[in-house]
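Presented below is the structure to which this report refers.
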Amino acid sequence: MNVFSYSRLSLYELCPYRFCLKYVLGKPEPVTKALALGKAVHKAIELRSQGTPEDEAVVAGWIEADCHPEVHRDEIVGLLRNAPILKGKAEVHFELPLAHGSDLRLQGYIDLMGENGFIDWKTNWRTYGPMDTMQLPLYAWAYMQLRGVREATGILYFLRYKTPMSYRFTLHEAEAARRRACELANEIDTKVSCVELFPDMLRTEFPAQPGSHCKHCPFAMECYAANAA
Ligand code: SF4
């Protein structure tokens, strides 16, 4: 495994066993409403920013979310209308080496890339700060790499509340996030190679890490059975 995303790394930090079931053993996780709604709204905002009429953008967003039965038009429209119209490039894909000469890479999509920074649209009910997760500092690092700059403003924009949470990142802060991501990616890569050679080591290399997050885990029953054995 050599291409990582913020969501992969954060799932590994949350629970190595769930990470392993999903990304190493390839077990599918059901698409939750939250995930599908996020996809739909991101697509609708992207199209709207390119001048697509609202109705078309909303339908395209819903299709992007595979017409998830719990995602409704009104919710997409409401969140779409809360997004400010800003100049910039939407949905910018990046895939960058995590260290000089390393084959470990970080990939992701920057929702909106502007002159001095970038925005990440959030459809969550719960708000949090720019430094509460590794995502924004990592994306700031990616932005600096793509733009060749040493500072960047990252904004988490919580669409439900029209609330932007912004932070001006220095290269030093962005580099710290990049180093942490690189350490995690190295650790995962080594463990995956180990488990490929010695499948019996799966549960020691990727231990279950129970917590309040277990109540949202689709593998809870399987995990309980495996770890009770
Ligand atoms: S139930 Fe909890 S401990 Fe088990 S895999 Fe899921 S998140 Fe990890």
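Assign one of three labels to the chain, namely rounded, prolate or oblate, based on the Cα gyration tensor with a ≥ b ≥ c the square roots of its eigenvalues; rounded applies when a/c is under 1.5, prolate when it is not and a/b is larger than b/c, and oblate otherwise.
It is oblate, given that a/c is not under 1.5 and a/b is not larger than b/c.
Placing +1 on the Cβ of every Lys and Arg and -1 on the Cβ of every Asp and Glu, with no other charges, gives segment 1-154 a dipole of roughly 300 debye about its Cα centre. Calculated translational diffusion coefficient of segment 31-85 (10 °C, 1.306 mPa s; Stokes-Einstein with Kirkwood radius over alpha-carbon pairs) equals 150 µm²/s.
With a cut-off of 12 Å between beta carbons, the residues surrounding residue 180 carry a summed charge of -3, where Lys and Arg count +1 and Asp and Glu -1. Please find, in a Gaussian network model of the chain (springs between Cα atoms separated by less than 10 Å), the residue of 173, 151, 196 whose mean-square fluctuation is greatest. Its mean-square fluctuation being the largest, the pick is 196. Under 5 Å from the amide H of residue 98 lie the amide H atoms of 104, 105, 106, each residue being 5 or more positions distant or on a separate chain, with H modelled from the backbone and absent for Pro and chain starts. Within the listed set 174, 60, 185, the Gaussian network model of the chain (springs between alpha-carbon atoms below 10 Å) gives the highest mean-square fluctuation for 60. For the chain, a Gaussian network of Cα nodes joined below 10 Å ranks 183, 91, 70 by mean-square fluctuation, and the top entry is 70. Using a cutoff of 8 angstrom between alpha carbon atoms and counting only pairs six or more residues apart, the relative contact order for segment 31-85 works out to 42 percent.
Close amide H pairs (under 5 Å, H built 1.01 Å from N) link residue 27 with 22, residues at least 5 positions away or on another chain.
Since every read-out is calculated from the coordinates, none of them should be taken as a lab result. Bear in mind the structure is a predicted one, so any value in this text is a computation, not a measurement. So basically every Cβ, Gly included, is an ideal-geometry build from the backbone, and we count neighbours across all protein chains shown.
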